[in-house]
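Chemist: Please see the structure below; I have some questions.
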Amino acid sequence: METLAVTIIQSHLHWENAVANRAHFSERIAAISEKTDLIVLPEMFTTGFSMNAKELSEATDGATLQWMISEAKKQQTAITGSVIIAENNTYYNRLFFVFPDGTYTTYDKRHTFTLAKEHETYTAGEERLLVEYKGWKICPLICYDLRFPVWARNTEAYDVLLYVANWPKKRITAWDALLKARAIENMTYCVGVNRIGLDGMGHEYVGHSAVYDVLGEQISTKDFETEFSETIVLQKSHITKNREHLQFLKDRDSFSLK
């Protein structure tokens, strides 16, 4: 497909209340009026950024994944966001990418946020995910991953770099700068979806969800710090034209991750 319509949903979250959050996002999804190919929800969208994994975690095939599958089928669109998952006596901050037919793939957050002691609760993932969807190649990552450019480096000619997050107000300048930088250095569309409001730990979030094109221009238009949904249509020709003219990716340094 030449185009990919991406809907970003910036929202408050009910602290550690999966039932309320699923109901809230069902309403938000039902209210989308434009045709869309992909709906992007925040990190830990059913709970907020909680370390209470023992009480809040779900099995991989638990209620939230079933809800995502149901919404994807009903709306005939893909849906992505991350959830607290328990598997083999281990907890993961796991992103699900659910396709319109109900099939799905997963990514476990690579960089656990040590400042919040996330690494003491959640096991870090070891593999990056590349999603093939409607002729587009998408690389979904999670929050703190944004600070580590090597993990996001575009060595596979992906088309969209996507971050779901709970990124607090006190460091929002870094969020804005790094989203734009990842778009520029990887010559890719970069989508970032953050939450708003206060969490149960007293941390404030102001959103700044946005979409940037391959030159680092913001192409989303909504007010950064309010609750909103916006559908942005990405153009494959924009990627092709700029990569052919500005062959920065061909000049990149080679490296390997150990």
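Chemist: Scan region 1-89 for trypsin sites (Lys or Arg not before Pro) in coil per DSSP, keeping those whose Cβ has at most 14 other Cβ atoms within 10 Å, and list them by number.
Modeler: Passing both the DSSP loop test and the Cβ count: 35.
Chemist: Residues of region 133-171 with backbone nitrogen within less than 12 Å of a virtual label 7 Å along the Cα-to-Cβ line of residue 2, please, listed as ranges.
Modeler: none
Chemist: Trypsin sites (Lys or Arg not before Pro) within region 97-162: which are DSSP loop residues with at most 16 other Cβ atoms inside 10 Å?
Modeler: 117, 134
Chemist: How many Å³ per residue does the convex hull of the Cα positions in the chain occupy?
Modeler: Working: hull volume 30.5 nm³, N = 258.
Taking the convex hull of the Cα positions in the chain, it is 118 Å³ per residue.
Chemist: Here is a further query. How large is the helix-only mean residue ellipticity at 222 nm for the chain, computed as the sum of -39500 (n - 2.57) over DSSP H runs with n ≥ 4, divided by its residue count, in deg cm²/dmol to the nearest 500?
Modeler: Numbers: 6 runs with 59 residues, N = 258.
Taking each H run of at least 4 residues, the total per residue is -6500 deg cm²/dmol.
Chemist: Using a 7 Å offset from the Cα along the Cα-to-Cβ direction at both residue 170 and residue 253, what is the distance between the two label points in nm, to one decimal?
Modeler: 3.2
Chemist: Please report 221, 80 as a ranked list, fewest other C-beta atoms within 10 angstrom at the top and most at the bottom.
Modeler: Fewest-to-most ranking of 221, 80: 221, 80.
Chemist: Once both labels are modelled 7 Å past Cα along the beta-carbon direction, what's the residue 30-residue 203 spacing in nm?
Modeler: 3.1
Chemist: In region 118-188, which GluC sites (Glu not before Pro) are in a loop and have at most 10 other Cβ atoms within 10 Å, using DSSP for the loop call?
Modeler: Numbers: sites: 118, 120, 126, 127, 132, 156, 185; in loops: 126, 127, 156.
Taking region 118-188 and a limit of 10 other Cβ atoms within 10 Å, the loop GluC sites (Glu not before Pro) found are 126, 127, 156.
Chemist: Right, something else. Could you calculate the contour length gain from residue 55 to residue 70, that is, 0.36 nm times the residue separation minus the distance between their Cα atoms, to one decimal place in nm?
Modeler: 3.0 nm
Chemist: Work from the charge dipole of the chain (Cβ charges, +1 for Lys and Arg, -1 for Asp and Glu, about the Cα centre) and give the residue of 53, 7, 146 farthest towards its positive end.
Modeler: Value: 146.
Read-outs throughout are calculated quantities, based only on the coordinates presented, and are distinct from any laboratory measurement. Treat the numbers as computed from the prediction; the structure is a model and nothing was measured. Note that each Cβ is placed from the backbone with ideal geometry, even for glycine, and that neighbours are counted across all protein chains shown.
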